[in-house]
Structures are given as structure tokens and as C-alpha cells.
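Single-structure report; data block below.
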Amino acid sequence: MRTQSLGADKEKLQSYLNHKMRVLCSDGRTFAGIFKCVDAHKNLVLSDTTEWRDGFHRQVGMIMVPGEHIKRVLVENLEYV
């Protein structure tokens, strides 16, 4: 049963491809960018990304966020970029 749930979660996540997304990580960082892909380990790739940490922000471009460090994923809008 858990396999079906993981597949459904991944399918739901893939439906947000090319949407603006905000990812909150376990180390306190937040990344906001355009969602490009997800793999079997729930690693996310974001492009045109901004990182926020301790009140500061910086442009980081394209990044991969390891799935094991993701606490929350928020889709900022439902329009394609």
C-alpha cells in the first residue's frame, strides 16, 4: 500500500512542473524557484532559485534539494511559468 501512496505523491508533485515553488528545508533554509523535476528519492530540482537563510537572501540559480532534507513544499501559484 505504501508504494501506491508514494507513486500518487510523486504523480501529484509532477503535476506542478514549471510552477513557482517554495521549499522549506530541515536546516532552516528556504528556496524559491521554478520546479523542474523530481526523482524516485524525492529530490527536487529548481531553476531561477533564491535562497533565504537567517534573514538574508541570494540568487543561487539551478539547484537540487535532497528529498531527505525537505520539510514542506508550497506551490506559490497555479499558473505555468
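Brief remarks follow.
- By the compact-protein rule of thumb, 2.2 N^0.38 Å, the alpha-carbon radius of gyration of the stretch 2-75 corresponds to a ratio of 1.07.
- Placing a pseudo-label 7 Å from each Cα along the Cα-to-Cβ vector at Asp27 and Phe56 gives an inter-label distance of 1.4 nm.
- Simple spin-label estimate for Asn43 and Lys12 in nanometres, 7 Å along Cα-Cβ: 2.4
All of the numbers you see were taken from the coordinates with simple rules; none came from a lab. Since this is a predicted model, take the numbers as computed values, not measurements. Positions of Cβ are generated from backbone atoms using ideal geometry, with glycine treated the same way; all protein chains shown enter the neighbour counts.
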